[in-house]
Every structure is written in structure tokens, then in C-alpha cells.
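Some notes on the structure that comes next.
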Amino acid sequence: MFEVGLYHYITLAAVLFSIGLYGVLSSRNAIRVLMCIELMLNAVNINLVAFNNFINIEDLGGQVFSIFILTVSAAEASVGLAILIALYRSRKSVDMERFNLLKW
Amino acid sequence: MSNAVQDLVWLIPVYPLIAFLIIVLGRWTGLLKPMSGSPFVILATALGLIHTLLFLGNWGPAYTAVEQNWTWLQAGALQLPIGYFIDGTGMMMLLVVTSVSLLIQIYTHGYMGHDPGYSRFYAYLALFNFSMLSLVLSSNLFQMYIFWEMVGVSSYLLIGFWFTRPSAAAAATKAFLMNRVGDFGLLIGILTLLYFSWTYWQGLDPQQLLSFSQMDGAARTALAAAGPVAFTVMAILIFMGPMAKSAQLPLHTWLPDAMEGPTPISALIHAATMVAAGVFLIARMYPVFTISPNAMMIIAWIGALTAFVAATIALTQVDIKKALAYSTMSQLGYMVLAMGLGAYSAGLFHLMTHAYFKAMLFLCSGSVIHGCHEEQDMRKMGGLMKYMPITGITYLIGTIAITGVLPFAGFWSKDEIIASAAEQPLLFMIAIATAAMTAFYMFRTYFMTFHGTYRGHGHPHESPKVMTMPLAILAVPSVILGFALSGFFGLPAFSQYVSFGHAHHHDPNLGVMGLSILVALGGFLVAWLMYGQAKVIDPARIASAFKPVHTLLWNKWYFDQAYGFFARNIYLSFASLSAWFDRTVIDGIVGLTAGTVNASGGAMRALQNGRVQSYLVIFFIAVVLLTVVLMWMV
Amino acid sequence: MPETMAMNVIGQKDMLFILPEIILTVGLLAILCLTMMTHKKTRHENAGLMQVSLVFVLGSLAALIWQFAQQPSMEPETMMFGALRADLFSYVMRAMLLAGLGITVAISHAFLERNTKIIGDFYALVMGATLGGMVLSAANDLAAVFIGLETLSITSYVLAGYLRRTTRSAEASFKYLVYGGMGTAIFLFGLSLVYGLSGSTNFSDIATALAAYQGVMHPTLLLMVIMVFAALAFKLSIAPFHMWAPDVYEGAPTPVSAFLSVVSKTAAFAVTIRLLMVIFPGFPAWAELWTILAVLSMTIGNFVALKQRNVKRLLAYSTVAHAGYMLTGLVVGSSAGVGSIVYYLMTYLFMNLGAFACVIYFGILTGSDDIESYRGMVQKRPGLVLAFSIFLLSLAGIPITAGFFAKFFLFQAVIMSNPAYTWLVIVALLNSTVSLAYYINIIRLMVVKEPSDAVNAIPAHTSTPWALGSALTISVAATLLLGVFASQFLNYSTESVKQLVQERPVVVSQGLKR
């Protein structure tokens, strides 16, 4: 019988993390960048919950931690979108390439 | 009485500090009028001088060193003390600093009398005096380093005093930066010395950490711990401090530029006190240097080369202050040479006599510049003896003193240095050649300035009494100090007061004496032939006959150009390296992973192209690279 | 896990320990309410908001000092179910954060009045950010670290974009958010691996569990540690993770740049030191890791700063360089070395905030942050030029300013702890020699004649706002005196770090032999 073990979860998390990372580095759309950051954070959540389940089931530290991350990432996303709106108002664009006033 | 004078000797630097605070607070609160404040500073310096003299008078027959330490900072096992330490060397410096600065402060009243920054200038003078006197009194190396840097800061303020000229600001910056290069070496040297001699200090009273009185044992412990090679490197690092402060090759280019400052400053800082601090530090750290023959040899050679190179540059200078600046550098080279040769007393004796006659020469030049309506070019002077006799005569005395003619001060001290080089033919030849050139260029400035006919504009006039009186007073030590302390005329010799280890007095080497007088006369003769009344030899023809040499000297051996070239190229290669890195590596990788970054021109800063995603790419690459590199390293 | 399970209720002790945080939180809420109640936003009301914030900050600081004075023996103990740890280190770092916050509040008012209508939110946000930093410096649990870090970060993103109608401010904010978001994600991924290896989020349990891996060199282990510290290095703006800093400092409102460069960095150092000393003391490669980062940071920071024209950008690179100097203390990892970092942070707090205060004041006077526009400033504001010069000389490490003593004690500790790193000290000192060039260039410009047009336009007499003036005075005094009277501060610094090392010898790495 096939069983889903710890390594499967970790691999999933790693893949998810890498996809998120790729998205952050390559997307031209700023909203997509924010979403990809969320993707990376979710990879962490999978990791934490999986570790909690397989390594130390009595102490729920890992799961509690992942709840914290969910909450905080929501806050971060809302702040991110708010800032993006402010930026969009002055630049009329969400293209990452165009946010380069500050340099050198 | 005597006890109070001794116990309160730490007050000597405090007097000027109080004067400084009075001026700063007074000007800040508006209690002090704009053109005032000088009496406080002069009074403070006078108090310092009186205190020093009282101390000397009550010192007792044996002249035993006086030392007192307090704990200042405590950092775990490290306890940094603060205190004072006065021995013959320190006493000599105290006397020189207080007396010269007193006269210069009086002179300044005449020189800067109408400058809008009058009280600010006096405040800086007081701050400088405080730092300098604290440096002299320092009982340990760490304390000395602190005041060493503070002297640099206050001299930065004083050089940069004439802000009207951007060149003054640039000169001050250059002096500061160059001194920092030397101090960098000094600080590393102190830290390594502390490390190597740590076991020795632990066996002592913690209040004596790095104290000069115990440096002997520390040096030997360090030598045993570090081995001769590392020890020599350490000694040279320490020597880098004096190298910059005393304008030794190759860290000397700031001194001539510093002549942008007001002339009293040139006299005080760049002739008598601050530049001498380098030699003083060598004297204080002598236990470290003496047990490393290689370090001593390097010091001697740097001193000799500085003396020689500076003298050659002085041959062609037409700015009277620049000529004196190169002359100072050359004389400092003599002192450093003496220290490197082990002639401790001779080097410091020259320091003392030089302080007086060079301060006087600079003040004379200030008087001349003042009298000629702020003209510094000697080609536009001439015949001034008629208009300003006191300045002229004192300048002549100074010239004779520096040339080393019997019985003036410079003769006794310089002669001892040259005699101590007698065993090393090459150094001896350099020293003698430098002596000849000294006579030539000094008399050249004298003839160009005071003889012939006036070539400038307007009518030159003698300076007011407040300026000429200090000149006359300074002329006294310039004449008598040499033979008074030579050991022949009743008074004990200089080396009885100031010596390293046991005092020993060399019998004068008559052959060397004769030779040095001879070359001095030769130098004088050539100068007279070229620039005196006779004008037998045309200087222009000499210059064109030795065109390449003249060009080399005129451009001061191209030191500034070399530094500029060096600095530019380092920066450029750095920049092009990172431009290449940016073009090939970053663009390549970024192009592969994301395709977001176009080739952006520019140099080093181009990495910072304003796109947050390329920053993140670098973040990511750095994480990966660090992992790989550390994997391979550990 | 005895420590975590010992108590099931939050007792008086716990509440007293977080009393400073509670006061700060109350203050934050009070400011928010007051902002909503004051509609007219007159000068008077705005000044009132600043004063109320200052009262709460000082009250919080007083509570902290009072708490500290209550327990002279200072036995470390865990609080709040093991989430926080009450030790000397937490008190020292929190006191520094609060002092930095107080000065930030005082120096920002004049700037805000000039540039924006809404002032109260700013104070609430900086207080919130400091709150995060305070949790961070007392954290004893990964979750607490995360909460503290994010409280600090998210408020910082908003702060950077406080002048949201200004494109530059908004752009700075967004860049900071994206960079910070990825930093957080990487940090958390590292932490999740730590959790996976140890099965706990509590520091002492993790330390016990990870002790089994001491000396083991495995790529995953290495990647985990580097992920954790890369994210912290981003917060510390250490090269090559510094690239956000110049852009954000330039674009953000100047008080925010001041806050980020000092308070945020202090908090990040607090957590870095704690993680290093408690969780990873025996990790085999960290000396090498910090060595590489230190050298990169010092060199890049100083050399790029040489070419800067904008003073905020210049100070950004200067903070990069300073972080590099401080890392040398982490390299040796001895309590003397790390303790010197804490002392360095104390001096850095005053000199850097002071420098930024001058930049704020100059910005108000000239309307520009270009170094060129400071030309000839000495004729209009000699006192201010003097203060700025003192801060810059202190940053360059010239005696007798505190900056010199900080560098001296740090480098002395490095050489005494491990002489193999003398070369690192030489590199650091060479760098600080280079740094003098750009610091002194500012001073040179300020004192030369021929003032710039901006300086010419400054009216002869305007009174200095009292908050800015007193913050400047305090900073000048601290910069001049912290060094001369260093003993007590140094003592606290080293003692606080000694308590972190829990009966475990610090493994000193062999250094870069090759």
C-alpha cells in the first residue's frame, strides 16, 4: 500500500516554495509577486504542520505557529495591496519594471 | 608648595581647556563680544608656562620621573588608565609647547587682529593647546593615542580656518585623511602590542596598562611572544603614526599643503609642536624600537631620505611658506634619522632648538607676508631689510641657526646628529649633503626676501610691536640654547636631562664639526653668488642647464601626482571590475532565470539598478553561493 | 520540557515583565483615538499628539528601568509560558529600543508638520514597530520571534510609504515590502527546518536537540542556518542582502530612515545575537559565514558610499558598513566580542539618530537632501554644523567621540579573543580610514564659503523646534560622553551577553586558514 509520509509533504513544500520563489523573481505583475510570496509562506505552513504531525504530535507548537503565519501573512497581504494601490495611483501601472525611480 | 605644584601638574592642559570652554560658552550665550576672548587663552597658556617652570624649579636634583595614574575605563579584564608621566623628555616638550605657544598667541593678536573669526580662532588655539599638552603629559600609549587624534582634529579646524579659500578646506581635509592613514597603522600596532604583551601587563598593577614607564618589559615580552619578524612589523606599524604626523616619506604631502592655514598656525603646529609629536612618540616608544634593529634601520633610512628629498624640493620653491615647510620636513627627517640611529638625546635636542628657530622663521615670514600685503611669492619681494629691519634681522638669526653655524643653536644639535651617523657612510653622506642644501635654500630665501630691490606692489611696512616682540624673544633661544646646553659652559649638557637609559655624553667630533661648518659655508656661498648682491650666477641658467632635475624638484618628486594616479586607478579598476561583473555574471544569470534586467551602464552602482527583483535575485544567489562556499570551506 | 509546562497561568511577574510593552500598547491605542478625535489638525493639536506619545514612551522606559531596579541579582527566567525570557540582555536591548524610539518621535515632528497633515498615525506606527522590536529582543520561542519580527516589519513597510502621495515614498515602501516578504518567507522556511530537526519551537529545547548535531556538516543543516541568517542579514542590511536599504532610505520619509537604520537594526541584532548564542553556538561554519559577510559589508558599504550625492543614500551605505564592523564581534563569538557589539549599538544609536536629526533639520531648511545643497551651511547655522560634524566624526571613529571607543573595544575584543582574526581588524580599520573620506567631505562642504542657493535662501533666524533641539542636544551629549564614561555601559553589555551563554563553552572556530 502506498502511504503518504513525511518526505512527501516536505517535497511538496519544497516544490511549492520554489514555484513561489520563481514567481517572485520573474513576474512582471506586482500583484502576482505578492501572491507568490503567499505561496512561499504556505509552503512553510505545510512544512510546519507535517513536522508537527510526524515528529512531535503531543506538542502543538508547529500547528500553532502555522496559524500565526496565516494570520500575519493576511496582514502583510493587505498592507501590500494597500501600498500597491497608492503606488498605482501615481504610476498608473503595476509593472514591476517601472518601479525604478530609486536607484544608484 | 613643591608638592602642590607636582600633584596639580595635570592642571597644565586644563587651563587652556577652561579658556576654550569660556570662549565657546561666552560666544554661545552672547556674553562675549565677537572680537574678544584672547586674554583668556593667553592667560591660560601663561599659567601653563609658569606652572611648568615652577615644577622644573622644584623638581629636585635627581630629576626622577613623576608618574600618577587613575583608572579610566574598565572593560572586563581590560582596564584603561589615565594619568600623567613627566620625565626629562616630557619636561622638555612641556617647556617648548607652553613657551612657543604663548609667544605665538601674542603674535596672533597682531596678525589676526581684524579677522572676523578672531575669537573662534583663539578658541581653536586653546583646544589645540589642551590636546597637545595632554598628549605630552600622557602616561600611557592608549591615552596618548586619544590625544594624538584630538591634536589632529584641532589642527584640522585650525588649517581649515580660512574657509574663504576652497584650497584651505581641501588642504585641511588632505591633512586629516593622510594622518588617518598613519593612525590606522598606529592603532593596529597598539592592538597587536597589547595582545603580545598581555601576559606582562597582567603581572602589573592594572593602572599601569600600556604605561610608558613599563614599556621596556612589555617590549621584551612582546618580542619573545611574537618573534623578531612579527615584532618588526608591529614596530613599523607603530611608526606609521609618527610617519604621518611628522611628515615623513611617503606620508608627507599634507604638510606643504597645510601652509594654506594662517601663518601663526604654521609656526605653532607645523613647526614647533604637532609635527614634533611624531618624534616624541618615537621617543616614548623607544623601548620597542631599540630592541628591533631592523625597525631602527628602516626608521633611520626613512628619516634620512625625508631630510634629503625635502631639502631638494626646498631648493626650487618660490613661495616663502612652502620653502619653510619643506625645510621643516627636512629637519624632522634629521630628528627621525637621529632616533633611528639610536642618538636619542641628539634627536630631541634638535627637536627643541628647531622648535624655537623654526617658529621664529615662520613668524618672520608671517610678518613679511603681512608687510607685503598678503604676498607669499618671494619673486615679488626683495629689499625688505630696509623696510622691516627687526623682521629681517631675526630672520637672518633664524637662518644662521638652522644652517648650523657656530655658535648658534642649530649647530650644536644638528652636528650631534651628523656625528652619530658617522659610522654609516651612506647615511652620513646624505646628512652632510642635506646640510649643504639647507644652507643654500635658507640663504636663498633670505636673499630673495630681504636683499636686492623690492619687486612687489604697494609699500611694505614693518609689523606692529605685538608681532615683532615675540620675534625678538624667540631669537634669544635660537642663539644661546645650543651652547647653553652643549655641556661646555657650566650648565649640564642636554643629554643629562633627556636621555634613554643611562646618560652618556659624546665628546664632540671635531672633524665632523669642521666638515659641517664647511658645507654650510659652501651652501651660503652658492646662495650668495646666485641671489645675493653679486648675482654672479644666473639661477635661470642653472635651472635650464639641469632641466630634468629642476622639473623633478619643481613638481616635488611627483608624489601628489602619483597618489592621484594611484587613487584614480584603484577606483577605476574597482569600478570596471564590477561593471564587468554586472554585465556578464548578473545579466547572464538574471537573463536565464527571469529575463528582467537589461544591460544597464555605469560602474559599481549599476548593481543597484532600482529593480527590486534583481535585488532579490542577488539575495537568492547569495544564499546559494554562501551555502556552496561554506560547504567547500569547512 | 519543564520550562514551558511549569506554569499554566500568567502571573503578576509576567505582567510586570511586559509592563513596558503594555504601556506602549496603551499609548499606541490612545494616540489612535486622539487622532480620530482631533479633526482640525491644528499645530496645537499636532504638538499635543507628539507630547502624548513622548509621555508614553518615557513612561514605558521608566517602567522598564523600575522593573530592572527591582531585581538587582538578575536571575534569568522565562516568562509567558516560555515565550519570552527575562534576562539582562532583554532589559538592555529594550531600553535601547525605547531610547531610540523616544529620539525618533522627537526628531520627526518638525518633518511631519511640514510634509503631511496626518501626524498621529505616524507615532502609533513607530510605537507599534518598536513594540515588535521589544518582543523580538526578549523572545525565547520561534513563534515569538516571528510575531515580533513581523510586527516590526509590517509597520515599517507602512512607515516607509507614509507620504503615500509621493511616488518615491510609495515605491520605497513597495520595494521594502516585496524584499521583506521574500526575506520573511526564506526566514520561515529556515525556521520550519529548525522545527523539523528539533520538534520544538522553544529556544532551550531546540538548543538541547540541536546539540546532537554539533560538528555535523550536512548541506541541509547548512542551508537551514543560512536561510535563517540571510533573512536576518537582510534586516541588518548586511551586504549582499543590503540592496533594499539605499532605495528605501532615500525614498522613505527621513524620520523613517532614521528609525530603520537604528531601532529596526538594533532589534535585528538582538535576535541575531540571541539565536547565535543560544541555539547555534556550536554550528561549525558560522565564523566563516560572518567573516565573509563582514568583509563584503564593510567594503561594499564604504566604497559605494564614496560616490553618493544624496545624504540619505550615503548614510544608508554607511549603515551597511557599520553593520559590517559589528559583525566582526560575531565572528569571534566570545562574550567580550559580542558584548562589544551591544556597546557599539548603544553609541551607534545616538550618533546615527543624531546624524539623521541633522539631515531632517537641513532638509527642512534647504528642502533638499543633496550633499551639494549643504555648501556653506556654517554661515547660517554654525551650531547645527558643529553637531553634524560631531556625529560624522563619531561615525568615522575619531576620538574622543563614542564611535571611537566602540570601535576600539570591538576590535580589541576581536584580537584578544582570537588573534587569527587580526587581518579582519586590519580590513575593518582600513575601511574606516576610507569612510573618513566621505564623512569629512560633508563637513568640508558645510564649512566652505560660497553657499549654495538653498543655503542662501535660509532666513537668518528661525527658532529650532524644541523637540528636535533637545533630541539633538541629548544625542550630542551622549556621543561625546558615552565613550569617556564607557565603563558602566560596557559592563552591562558584556554581562548581558554572558547570561545568554548558558553553561556551554563557546566553540571558537579555527578561522579561514586558506
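The values are calculated or read from the model by the stated rules, or taken from the named source; none is laboratory data. On a predicted model such as this, the values are computed, not experimentally measured, just so you know. Here the Cβ is made from the backbone with ideal geometry for all residues, glycine too, and neighbour counts use every protein chain on show.
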- Message: Looking at C:169, C:108 in this structure, which one is part of a helix (DSSP H, G or I), within 13 Å of chain A (Cβ to nearest Cβ) and buried (at least 24 other Cβ atoms within 10 Å of the Cβ)?
- Response: C:169
- Note on the structure: Note on residue C:353: of the conditions (1) in a helix (DSSP H, G or I); (2) modelled with pLDDT under 90; (3) buried (at least 24 other Cβ atoms within 10 Å of the Cβ), unmet is (2)
- Query: Mind checking which residues of the stretch B:345-374 are more than 24 Å from residue B:309 (Cβ to Cβ) and of a type outside the set (A, V, I, L, M)?
  - Reply: B:345, B:356, B:364, B:366, B:367, B:370, B:371, B:372, B:373, B:374
- Message: Could you check the stretch B:4-44 and list, in sequence order, the residues that are touching a strand residue (DSSP E or B) at 6+ places or on another chain (Cβ under 7 Å) and either of a type in the set (Val, Ile, Thr) or at positive phi (or both)?
- Response: B:9
- Task: Given the conditions (1) at the interface with another protein chain (Cβ under 9 Å from one of its Cβ atoms); (2) under 27 Å from residue C:264 (Cα atoms), report the number of the one that residue C:198 does not fulfil.
- Result: (2)
- Output the residues belonging to the stretch C:413-424 that are in contact (Cβ under 8 Å) with a residue 60 or more places away in the chain and within 7 Å of chain B (Cβ to nearest Cβ). C:416
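How about the stretch B:274-317: which of its residues are among the hydroxyl-bearing types (Ser, Thr, Tyr) and either out of contact with any Leu (no Cβ under 8 Å at 6 or more places or on another chain) or more than 26 Å from residue B:256 (Cα to Cα) (or both)? Show your work before the answer.
Narrowing the stretch B:274-317 to residues among the hydroxyl-bearing types (Ser, Thr, Tyr): B:286, B:290, B:292, B:306, B:312, B:316.
Within the stretch B:274-317, B:286, B:290, B:292 meet the criteria.
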- Note on the structure: Filtering the stretch B:420-452 down to residues that are surrounded by fewer than 21 Cβ atoms within 10 Å (Cβ to Cβ) and not in a helix (DSSP H, G or I) yields B:422, B:423, B:424, B:451, B:452
- Single condition residue B:281 does not satisfy, out of (1) modelled with pLDDT under 85; (2) crowded, with 22+ Cβ neighbours inside 10 Å: (1)
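Yes or no: the stretch C:190-205 includes at least one residue that is more than 26 Å from residue A:58 (Cα to Cα), polar (S, T, N, Q), touching a residue at least 12 places away in the same chain (Cβ under 8 Å) and buried (at least 24 other Cβ atoms within 10 Å of the Cβ). Show your work before the answer.
Our first condition is that a residue be more than 26 Å from residue A:58 (Cα to Cα); within the stretch C:190-205, this holds for none.
So far as the stretch C:190-205 goes, no, none of its residues is more than 26 Å from residue A:58 (Cα to Cα), polar (S, T, N, Q), touching a residue at least 12 places away in the same chain (Cβ under 8 Å) and buried (at least 24 other Cβ atoms within 10 Å of the Cβ).
Against the definition (surrounded by 24 or more Cβ atoms within 10 Å (Cβ to Cβ), in a helix (DSSP H, G or I) and in contact with a Leu (Cβ under 7 Å, 6 or more places away or on another chain)), how does residue B:417 come out, yes or no? Steps first, answer last, please.
Values: surrounded by 24 or more Cβ atoms within 10 Å (Cβ to Cβ): yes; in a helix (DSSP H, G or I): yes; in contact with a Leu (Cβ under 7 Å, 6 or more places away or on another chain): yes.
So residue B:417 fits the description; yes.
Answer yes if at least one residue in the stretch C:461-479 is within 30 Å of residue B:71 (Cα to Cα), more than 8 Å from every other protein chain (Cβ to nearest Cβ) and not in a helix (DSSP H, G or I), and no otherwise. Step through it out loud before you land on a result.
Going residue by residue through the stretch C:461-479, those that are within 30 Å of residue B:71 (Cα to Cα) are C:473-479.
With the extra rule that they be more than 8 Å from every other protein chain (Cβ to nearest Cβ), the set shrinks to C:473-479.
This time we only want the ones that are not in a helix (DSSP H, G or I), so: none.
The answer is no; no qualifying residue exists.
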- Message: Given the criterion in contact (Cβ under 8 Å) with a residue 24 or more places away in the chain and touching a Phe, Trp or Tyr at 6+ places or on another chain (Cβ under 7 Å), identify the matching residue among C:330, C:365.
- Response: C:330
- Go over the candidates C:116, C:35, C:25, C:42 one by one and state the one that is touching a Gly at 6+ places or on another chain (Cβ under 7 Å) and either surrounded by fewer than 17 Cβ atoms within 10 Å (Cβ to Cβ) or over 30 Å from residue C:347 (Cα atoms) (or both). C:35
- Message: Looking at the structure I just gave you, is residue A:53 in a helix (DSSP H, G or I), more than 20 Å from the chain's Cα centre (by Cα) and away from chain B (no Cβ under 14 Å)?
- Response: yes
- Of all residues in the stretch A:1-42, which are aromatic (Phe, Trp, Tyr), more than 9 Å from chain C (Cβ to nearest Cβ) and surrounded by 14 or more Cβ atoms within 10 Å (Cβ to Cβ)? A:9, A:22
- Message: Being closer than 19 Å to residue C:192 by Cα and more than 14 Å from chain B (Cβ to nearest Cβ) narrows it down to one residue among C:220, C:254, C:266, C:272; which is it?
- Response: C:272
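Quickly run through the stretch C:111-160 and pick out the residues that are away from chain A (no Cβ under 14 Å) and among the polar types (S, T, N, Q). Break it down into steps so the answer makes sense when it comes.
Within the stretch C:111-160, the subset away from chain A (no Cβ under 14 Å) is C:111-115, C:117, C:119-120, C:122-124, C:126-127, C:130-131, C:133-134, C:137-138.
Within the stretch C:111-160, C:115, C:130, C:137 meet the criteria.
Only one of these is crowded, with 24+ Cβ neighbours inside 10 Å, in contact with a His (Cβ under 8 Å, 6 or more places away or on another chain) and not small (Gly, Ala, Ser): B:329, B:381, B:339, B:385. Name it. Break it down stepwise before answering.
Working: B:381 fails: in contact with a His (Cβ under 8 Å, 6 or more places away or on another chain); B:339 fails: in contact with a His (Cβ under 8 Å, 6 or more places away or on another chain); B:385 fails: crowded, with 24+ Cβ neighbours inside 10 Å.
Exactly one residue qualifies, and that residue is B:329.
Which residue out of C:259, C:241 is under 30 Å from residue C:218 (Cα atoms) and either in contact (Cβ under 8 Å) with a residue 40 or more places away in the chain or within 14 Å of chain B (Cβ to nearest Cβ) (or both)?
Numbers: C:259 fails: under 30 Å from residue C:218 (Cα atoms).
Step by step, each of C:259, C:241 is checked, and only C:241 is under 30 Å from residue C:218 (Cα atoms) and either in contact (Cβ under 8 Å) with a residue 40 or more places away in the chain or within 14 Å of chain B (Cβ to nearest Cβ) (or both).
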- Could you please give the count of residues in the stretch B:152-173 that are more than 10 Å from every other protein chain (Cβ to nearest Cβ) and not small (Gly, Ala, Ser)? 2
- Some residue of the stretch B:107-129 being at pLDDT below 85, of a type in the set (A, V, I, L, M) and more than 22 Å from the chain's Cα centre (by Cα): yes
- Item | For residue C:382: the one exception among (1) crowded, with 22+ Cβ neighbours inside 10 Å; (2) of a type outside the set (Lys, Arg); (3) free of Cβ contacts under 8 Å to residues at least 60 places away in the same chain | (1)
- Would you be able to say whether some residue in the stretch C:449-458 is in a helix (DSSP H, G or I) and crowded, with 23+ Cβ neighbours inside 10 Å? no
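Can we say residue A:62 is away from chain B (no Cβ under 14 Å), buried (at least 17 other Cβ atoms within 10 Å of the Cβ), more than 30 Å from residue C:304 (Cβ to Cβ) and modelled with pLDDT of 85 or more? Step through it out loud before you land on a result.
Numbers: away from chain B (no Cβ under 14 Å): yes; buried (at least 17 other Cβ atoms within 10 Å of the Cβ): yes; more than 30 Å from residue C:304 (Cβ to Cβ): yes; modelled with pLDDT of 85 or more: yes.
Against the criterion (away from chain B (no Cβ under 14 Å), buried (at least 17 other Cβ atoms within 10 Å of the Cβ), more than 30 Å from residue C:304 (Cβ to Cβ) and modelled with pLDDT of 85 or more), residue A:62 qualifies.
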- Starting from residues that are farther than 9 Å from residue C:138 by Cβ and assigned to a helix (DSSP H, G or I), keep the ones in the stretch C:67-93 and report whichever is modelled with the lowest pLDDT. C:70
- Out of the residues in the stretch C:294-309 that are farther than 18 Å from residue C:334 by Cβ and buried (at least 22 other Cβ atoms within 10 Å of the Cβ), which is farthest from the other protein chains (Cβ to nearest Cβ)? C:298
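In the stretch C:165-178, is there at least one residue being touching an Asp or Glu at 6+ places or on another chain (Cβ under 9 Å) and among the hydroxyl-bearing types (Ser, Thr, Tyr)? Give the steps one after another, and end with the answer.
Kept after step one, since they are touching an Asp or Glu at 6+ places or on another chain (Cβ under 9 Å), are these residues of the stretch C:165-178: C:168, C:171-172, C:175-177.
Add one more test, that the residue is among the hydroxyl-bearing types (Ser, Thr, Tyr), and what stays is C:176.
Scanning the stretch C:165-178 turns up at least one residue that is touching an Asp or Glu at 6+ places or on another chain (Cβ under 9 Å) and among the hydroxyl-bearing types (Ser, Thr, Tyr).
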